[in-house]
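Accompanying notes for the structure given below.
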Ligand SMILES: Cc1cc2nc3c(=O)[nH]c(=O)nc-3n(C[C@H](O)[C@H](O)[C@H](O)COP(=O)(O)OP(=O)(O)OC[C@H]3O[C@@H](n4cnc5c(N)ncnc54)[C@H](O)[C@@H]3O)c2cc1C
């Protein structure tokens, strides 16, 4: 029995080289993860390969909302509103610790995107279409009530507001939880394994993938009946490696979205706000613990998908939009603690601007049988996966006579049924907070642990109790306990895997990161029997790479790494 740990990477690689799979998935973002879980649950023998870390692409750089699909209503995409509304119910039920209701205020402003009547009607339709629970249905506010609800709002253009519920998540955590469930059902999922090309049978159909192990620098070929390309912004790059006809002229249109993070005290919002910006777009301001994240932008992107960056223009645009709607805060670039830039893998439509491009997903199948899926949203990942797996199941039935199990991911808990609902999560968080208080850790730490790790918090706390005696600094001891869990159960291989995608620390707890880097690096190196000098090199590399809050800034303009 292999554990989902980089410590067993050699065994995993040995195992896959010896097997033929029914399905290989290229890409370990939410789309690939969802397909792996759906396929494994149907009894399909599945391998997923990810060239970097799981969720290292767009799936750690979104707005982190499980949308009810309000914006689709404006574009009259009624089917999409219904689908996303139902999806968020399913996701909340299956991961109540990680998909949490978030009150959202939509201020109505003069000449804004949404008028009062249209909003009232639109949100009512949305409640009905999306099947919103009664206690979460929209409340319309007049101007005075809206001002009271959110005193930081600009009042001269305010006409009223609508309060409704969105669901907040962490995209990278959602991805890893889905992957872990896929692995629990027999899928093999490996990060740092890049698909470099395909092999073909005599009929010219794809029957395998050439892989490059980026940690061991070796190449291997693995065979499969069906190959799915779920490479997000890299979908076209992977399609280009297929030597057969693409069967369509369609291609991606990447658009970049940037978010910035500022301290909560600089913009102490009472809830999340979805507000108009002067150029006619809409933007989110979302409080999360001690910070607020703000975004996003939407601009066409033509450079390498490997290196999207926030530019000075992106950050200025977000800051001026926020300062326009919340004039008393007057944020400046010096307030920015961290930032991320993600790429939307949308399907190109001639003559349409980035914001007008449909977020719908599409499937393309090449002459050689490569199934590529692009477009879509984090929110709709389960439905996208089901559509792909229906095709794979059909292929296996027709060509191999295999009868697969029916799709059932709506019934798969992403917390191993640890929580019956939100109340159970809140009760558990309160218990954890009481335990942590004995060690002088704040209540917010309990929220952080339960949001990120759900019931696995127990494993982390047990390790913490064991190692805290050796570590006078409880913050370090707790981070080491989290690392221990992520190393043994979540395929963490590098500092960034842990500090960005498993815990979100670099984005949301930036000021706590620096003192942790050295002990974490030393521990990672020790587990791999590597000398201290390697740990020091990792530490230096990490600090250098992430020194500036926004990449265009010279590091010295920011004291972000200083606690
Ligand atoms: C700014 C922004 C905000 C967004 N906000 C939201 C939101 O709030 N809610 C929502 O529902 N959706 C949102 N979205 C959309 C959502 O984030 C994306 O639709 C989703 O994350 C795409 O996931 P993916 O798996 O298709 O792509 P990715 O997450 O990019 O995954 C693709 C993976 O393929 C891997 N890969 C590429 N090439 C290879 C190869 N050759 N071999 C192996 N692996 C390879 C990459 O490393 C990558 O990890 C947002 C998107 C952006 C950009």
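The values are calculated or read from the model by the stated rules, or taken from the named source; none is laboratory data. On a predicted model such as this, the values are computed, not experimentally measured, just so you know. Ideal geometry is used to build each Cβ from the backbone, glycine not excepted, and the neighbour counts take in all protein chains shown.
Just one of the listed residues (24, 16, 35) is within 15 Å of the ligand (Cβ to nearest atom), in contact with a strand residue (DSSP E or B) (Cβ under 8 Å, 6 or more places away or on another chain), touching a residue at least 60 places away in the same chain (Cβ under 8 Å) and not in a helix (DSSP H, G or I), namely 24. Just to be sure, is residue 495 crowded, with 24+ Cβ neighbours inside 10 Å and within 21 Å of residue 543 (Cβ to Cβ)? Yes: the conditions hold for residue 495. Candidates are the residues of region 427-446 that are part of a helix (DSSP H, G or I) and surrounded by 16 or more Cβ atoms within 10 Å (Cβ to Cβ); the one that is farthest from the chain's Cα centre (by Cα) is 436. Quick check on region 233-251. Is at least one of its residues part of a strand (DSSP E or B), within 11 Å of the ligand (Cβ to nearest atom) and in contact with a helix residue (DSSP H, G or I) (Cβ under 7 Å, 6 or more places away or on another chain)? The answer is no, given that none of the residues of region 233-251 is part of a strand (DSSP E or B), within 11 Å of the ligand (Cβ to nearest atom) and in contact with a helix residue (DSSP H, G or I) (Cβ under 7 Å, 6 or more places away or on another chain). If you go through region 294-328 and keep only what is assigned to a loop (DSSP other than H, G, I, E, B), out of contact with any strand residue (DSSP E or B) (no Cβ under 8 Å at 6 or more places or on another chain) and away from the ligand (no atom under 16 Å from the Cβ), you end up with 327, 328. Among the residues of region 450-463, the one identified as without any contact (Cβ under 8 Å) to a residue 24 or more places away in the chain and in contact with a helix residue (DSSP H, G or I) (Cβ under 7 Å, 6 or more places away or on another chain) is 463.
Please find, within region 38-86, the residue that is farthest from the ligand (Cβ to nearest atom) out of those that are in a helix (DSSP H, G or I) and more than 30 Å from residue 136 (Cβ to Cβ). Working first, answer last.
Filtering region 38-86 down to residues in a helix (DSSP H, G or I) leaves 38-41, 58-60, 70-74, 78-86.
If we keep only those that are more than 30 Å from residue 136 (Cβ to Cβ) as well, we get 39-40.
Values: 39: 15, 40: 17 Å.
So, considering only residues that are in a helix (DSSP H, G or I) and more than 30 Å from residue 136 (Cβ to Cβ), the one farthest from the ligand (Cβ to nearest atom) is 40.
Pairing residues of region 258-274 that are free of Cβ contacts under 8 Å to residues at least 60 places away in the same chain with residues that are away from the ligand (no atom under 16 Å from the Cβ), at Cβ distances under 6 Å and at least 6 apart in sequence or on separate chains, gives 264/290; 264/291. Restricting attention to region 371-394 and to residues that are crowded, with 24+ Cβ neighbours inside 10 Å and more than 27 Å from residue 167 (Cα to Cα), the residue that is nearest to the ligand (Cβ to nearest atom) turns out to be 372.
Checking 291, 273, 336 one by one, the residue that is assigned by TED's automatic domain parsing to the domain that holds residue 147, away from the ligand (no atom under 16 Å from the Cβ), more than 20 Å from the chain's Cα centre (by Cα) and at negative phi is 336 and no other.
Take residue 68 and decide whether it is buried (at least 24 other Cβ atoms within 10 Å of the Cβ) and either assigned by TED's automatic domain parsing to the domain that holds residue 133 or under 19 Å from the mean Cα position of the chain (by Cα) (or both). It would help to see each step written out before you state the result.
Values: buried (at least 24 other Cβ atoms within 10 Å of the Cβ): yes; either assigned by TED's automatic domain parsing to the domain that holds residue 133 or under 19 Å from the mean Cα position of the chain (by Cα) (or both): yes.
When the stated conditions are applied, residue 68 passes them.
Condition first: in a loop (DSSP other than H, G, I, E, B), farther than 14 Å from residue 36 by Cα and touching a strand residue (DSSP E or B) at 6+ places or on another chain (Cβ under 8 Å). Can you find one or more residues in region 383-397 that meet it? Working first, answer last.
Pass one, region 383-397, residues in a loop (DSSP other than H, G, I, E, B): none.
The answer is no, given that none of the residues of region 383-397 is in a loop (DSSP other than H, G, I, E, B), farther than 14 Å from residue 36 by Cα and touching a strand residue (DSSP E or B) at 6+ places or on another chain (Cβ under 8 Å).
Here's a check for you: in region 101-131, which residue that is under 30 Å from residue 448 (Cβ atoms) and out of contact with any helix residue (DSSP H, G or I) (no Cβ under 7 Å at 6 or more places or on another chain) is surrounded by the fewest Cβ atoms within 10 Å (Cβ to Cβ)?
Filtering region 101-131 down to residues under 30 Å from residue 448 (Cβ atoms) leaves 101-107, 130.
Add one more test, that the residue is out of contact with any helix residue (DSSP H, G or I) (no Cβ under 7 Å at 6 or more places or on another chain), and what stays is 102-104.
Numbers: 102: 19, 103: 15, 104: 22.
Selected residue: 103.
Checking the structure you have, find out if any residue of region 232-246 is closer than 27 Å to residue 112 by Cα, surrounded by fewer than 15 Cβ atoms within 10 Å (Cβ to Cβ) and either touching a strand residue (DSSP E or B) at 6+ places or on another chain (Cβ under 7 Å) or at pLDDT 95 or above (or both).
At the first step, the residues of region 232-246 found to be closer than 27 Å to residue 112 by Cα are none.
The answer is no, given that none of the residues of region 232-246 is closer than 27 Å to residue 112 by Cα, surrounded by fewer than 15 Cβ atoms within 10 Å (Cβ to Cβ) and either touching a strand residue (DSSP E or B) at 6+ places or on another chain (Cβ under 7 Å) or at pLDDT 95 or above (or both).
Taking each residue of region 195-216 that is over 15 Å from residue 20 (Cβ atoms) and within 11 Å of the ligand (Cβ to nearest atom) and looking for partners that are at pLDDT 95 or above and in a loop (DSSP other than H, G, I, E, B) with beta-carbon atoms closer than 6 Å, six or more apart or interchain, yields 214/192. Of all the numbered requirements in (1) surrounded by 19 or more Cβ atoms within 10 Å (Cβ to Cβ); (2) in contact with a helix residue (DSSP H, G or I) (Cβ under 7 Å, 6 or more places away or on another chain); (3) at pLDDT below 80, residue 561 misses one, and that requirement is (1). Of the candidates 343, 331, the single residue that is touching a strand residue (DSSP E or B) at 6+ places or on another chain (Cβ under 9 Å), buried (at least 17 other Cβ atoms within 10 Å of the Cβ), in a loop (DSSP other than H, G, I, E, B) and modelled with pLDDT of 95 or more is 331.
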